[in-house]
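J.: First the structure, then my questions, so here it is.
Nothing in this text is a laboratory measurement; each read-out follows from the coordinates by a stated rule. Computed from a predicted model, the values in this text were never measured in an experiment. Note that each Cβ is placed from the backbone with ideal geometry, even for glycine, and that neighbours are counted across all protein chains shown.
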Amino acid sequence: MSRILITGAASGIGAAAVESFTGRGHTVIVIDVNAHGEIIALDVGDEQGWADLVQDVAPLDSLVNCAGVRRRTLLLEVSAAEWDAVLRVNLTGTFLGVQAFARQCVDRKRPGAIANIASTTAFAAVEGQPHYVASKAGVSMLTRAAARELAIHGIRDNAIAPEPTETPMLNQRLDIPGQREWLTSMVPLGRLAQVEDIVAAMRYLLSEDAAFVTGVTLPVDGGRCSPSGRGDDADQPTHKESLIVTLHIRVDHELCISSGKCVGDEPEVFAFDDNELAYVATAEHQMDRARVLRVAQNCPSQAIIVHDEHGDVIAV
Ligand SMILES: NC(=O)c1ccc[n+]([C@@H]2O[C@H](COP(=O)([O-])OP(=O)(O)OC[C@H]3O[C@@H](n4cnc5c(N)ncnc54)[C@H](O)[C@@H]3O)[C@@H](O)[C@H]2O)c1
């Protein structure tokens, strides 16, 4: 049985991974910035913290870099401080973990296996979270670079790209009426990912079954990223032509609506505020901040609902 260090292990995918590996007899070192019970406190962006921790808990056979944060802010409004905060956890934290883990493997002349958690946004950009998208693309390329350098030491490094997975990180968003249906509609296999879907891929990548696999970012996405990059039904030209949207915007509290303008010829999604309200529009249906605010001010409660020309709700 092996010794596995898992970060971001207090919640969501990381917590499910702890349960899965522990249940199969492995020794799991449980790490999170929010420490309680058996969880060891580490901020994954803390370089010295990594060095001290790995010295304390070595030897290690495997590492799962699962700690992550997501912020939703449009590119024009992201501050350098917010950008740094996301990159520090998601990308620098992953790098520091890979480096500290690999150093202890090399020092002890032991092989090792790493699973980093990226995201499908590493392949398919979405609006409203440029720092998150960039950080996850960085994790994917870091994984490839590390795999090449570490292969000579018998260390494999792979990543997993989950589609929206039902965890606390996503639940804030699922609270918005219609979000679940909308997200699900983009997944060919017809459901959101569950934590066990992601953990199963993790088990494979860390196992001997994946002995000849390194440097990959494995989508666990129900087919969403295949084959067009976004996988949305709306990519079909016929659908695009008929997509004349009507926005019904209702507000019952002060909304902080960011500017958003549809520039592509495919339907686009914009995040507007901290409650993650979004709308879908086409190139023919451009909206600017003033117009969105004007519409919102005339409506009675909090929601943005988008219908197609037949009255079917296509986003809420
Ligand atoms: N849930 C999804 O839909 C989804 C989709 C794609 C990728 N992911 C990625 O999966 C990973 C796990 O996400 P989740 O959905 O389980 O989220 P989650 O919010 O449930 O768990 C994230 C954990 O990371 C910890 N963490 C945050 N900052 C940290 C830091 N500086 N140091 C140590 N720990 C820190 C948090 O305390 C938390 O326990 C993340 O990297 C996330 O980006 C999630």
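J.: Count the net charge of all other residues whose Cβ sits under 15 Å from the Cβ of ARG88, scoring Lys and Arg as +1 and Asp and Glu as -1.
T.: -2
J.: Residue separation times 0.36 nm, minus the C-alpha to C-alpha distance between VAL106 and SER226: what's the value?
T.: The VAL106-SER226 span can extend by a further 39.5 nm.
J.: At 0.36 nm per residue, minus the direct Cα-Cα distance, what do MET1 and ALA85 gain on full extension? Give it in nm, one decimal, please.
T.: Here the answer is 26.6 nm.
J.: Also: Can you sort ASP197, ASP84 from fewest to most other Cβ atoms within 10 Å of each residue's own Cβ?
T.: ASP84, ASP197
J.: Order of HIS26, HIS131 from fewest to most other C-beta atoms within 10 Å?
T.: Arranged by neighbour count, lowest to highest, HIS26, HIS131 become HIS26, HIS131.
J.: Between ALA35 and GLN172, what is the FRET efficiency for a Förster distance of 25 Å, r being their Cβ-Cβ separation, to the nearest 0.05?
T.: Step by step, r from the Cβ atoms, then E = 0.65.
J.: Right, next: How many angstrom lie between the Cα centre of the range 104-136 and the Cα centre of the range 1-69?
T.: 16
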